[in-house]
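K.L.:
Please read through the structure below; I'll follow up with questions.
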Amino acid sequence: MSEVATYQLLDGKRCSEAVRADIAKGAVEVKSKRGRPPHLAAVLVGNDGASKTYVESKVKACEEVGFRSTLVRLPETITEEELLHRIASMNADPDLDGFIVQLPLPSHIDEERVTLAIAAHKDVDGFHPENIGRMVLGLDGYLPATPAGIVELLRHYRIETAGKHCVVIGRSHIVGTPMSILMSRNRYPGNCTVTLAHSRTQDLPAITIQADILIVAIGKPEFVTADMVKPGAVVVDVGIHRITDTAKKSGYRLVGDVRFDEVAPKCSWIAPVPGGVGPMTITSLLLNTLKAAKGG
Ligand code: GUN
């Protein structure tokens, strides 16, 4: 008997549309109270194609919800001191509610120094140690955009999380590590038993097969295959990669860290790539910026 696909999509595009409609109302309220809409700036250093695409999507999303946005393009050759100087002036600018510095940065710039230089109250990426510390302690602050977007997606589709085994693959500061913390918190979505797997994990398939909720942020195209996934699992794919595909007019197609075609039929829910986590990440950034504009 052939396998019948019964999975449902964690549709980040649809979920984002609903949340962004509320954000747009919030922007109108801010404008009427403060005389100007929420204002986000995005700093892009150099010419990395993927980073340019991401930053442009963030700026476009701002326009769509009625925010003001500023794209600050800086040359690849900028010194660390010059960049820190720009950050100091953005920290002090009362017309700017929040800003982000798109990562990765050129190798001659220390990302840690840059992250630390951004004032915590303008850190709408949620990368500053103060905001990370607040997240760990369950205090109010800015949550990192991708994990916050995933949490929102799970909430939107009312995915049961309490008592479930959540396996996160990847321990980056931006996604894997904060994701593991959010899923273990004593609230909904959360209350999971969390395993954080990474490059030194032994026998990864033996761990992922136990996951009720599998969150994949390893950065390797189509890494997770059907044999690694428990039947009925909820799978969230954070990866996004361009793969050469001569059958496409563009010459490429987008894939995630999960081999969607073979994994999806085993899932109860799965976030597709594109259209899953990506739009939710930008929506979280907008939510953080709205919060900053309202006074944090
Ligand atoms: N690079 C990849 N993801 C992100 C993100 O969420 N924010 C920033 N600033 N850089 C990134």
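The values are calculated or read from the model by the stated rules, or taken from the named source; none is laboratory data. The model shown is predicted, which means the values in this text are computed figures rather than measured ones. Cβ atoms come from the backbone with ideal geometry, glycine included; neighbour counts cover every protein chain shown.
K.L.:
Could you please give the count of residues in segment 206-218 that are surrounded by fewer than 16 Cβ atoms within 10 Å (Cβ to Cβ) and either under 17 Å from the mean Cα position of the chain (by Cα) or polar (S, T, N, Q) (or both)?
P.N.:
Counting residues in segment 206-218 that are surrounded by fewer than 16 Cβ atoms within 10 Å (Cβ to Cβ) and either under 17 Å from the mean Cα position of the chain (by Cα) or polar (S, T, N, Q) (or both) gives 1.
K.L.:
Which residue is farthest from residue 224 (Cα to Cα), if the candidates are limited to segment 145-189 and must be hydroxyl-bearing (Ser, Thr, Tyr), away from the ligand (no atom under 16 Å from the Cβ) and touching a residue at least 24 places away in the same chain (Cβ under 8 Å)?
P.N.:
188
K.L.:
Let me ask something else about it. Does residue 94 qualify as being exposed (fewer than 14 other Cβ atoms within 10 Å of the Cβ), assigned to a loop (DSSP other than H, G, I, E, B) and without any contact (Cβ under 8 Å) to a residue 12 or more places away in the chain?
P.N.:
Yes.
K.L.:
I'd like to verify a number: residues in segment 103-159 that are surrounded by fewer than 16 Cβ atoms within 10 Å (Cβ to Cβ), hydroxyl-bearing (Ser, Thr, Tyr) and in a helix (DSSP H, G or I), how many?
P.N.:
Of the residues in segment 103-159, 0 are surrounded by fewer than 16 Cβ atoms within 10 Å (Cβ to Cβ), hydroxyl-bearing (Ser, Thr, Tyr) and in a helix (DSSP H, G or I).
K.L.:
Of a type outside the set (Val, Ile, Thr), buried (at least 16 other Cβ atoms within 10 Å of the Cβ) and in a loop (DSSP other than H, G, I, E, B) - does that describe any residue in segment 51-62?
P.N.:
Among the residues of segment 51-62, not one is of a type outside the set (Val, Ile, Thr), buried (at least 16 other Cβ atoms within 10 Å of the Cβ) and in a loop (DSSP other than H, G, I, E, B), which makes the answer no.
K.L.:
Looking at the structure I just gave you, is residue 87 within 13 Å of residue 42 (Cβ to Cβ), within 16 Å of the ligand (Cβ to nearest atom), part of a helix (DSSP H, G or I) and among the hydrophobic types (A, V, I, L, M, F, W, C)?
P.N.:
Considered against the rule, which asks whether it is within 13 Å of residue 42 (Cβ to Cβ), within 16 Å of the ligand (Cβ to nearest atom), part of a helix (DSSP H, G or I) and among the hydrophobic types (A, V, I, L, M, F, W, C), residue 87 comes out as yes.
K.L.:
Take the conditions more than 16 Å from the ligand (Cβ to nearest atom), β-branched (Val, Ile, Thr), at pLDDT 95 or above and surrounded by fewer than 24 Cβ atoms within 10 Å (Cβ to Cβ) and apply them to residue 195. Does it pass?
P.N.:
yes
K.L.:
Take the conditions closer than 30 Å to residue 213 by Cβ, of a type outside the set (Phe, Trp, Tyr), in a helix (DSSP H, G or I) and at pLDDT 95 or above and apply them to residue 31. Does it pass?
P.N.:
no
K.L.:
Return the residues of segment 1-51 that are more than 17 Å from the chain's Cα centre (by Cα) and charged (D, E, K, R); say none if nothing qualifies.
P.N.:
Within segment 1-51, 3, 22, 25, 29, 31, 33, 34, 36, 48 qualify.
K.L.:
Considering only segment 55-67, I want to know if a residue exists there that is within 16 Å of the ligand (Cβ to nearest atom) and of a type in the set (Asp, Glu).
P.N.:
yes
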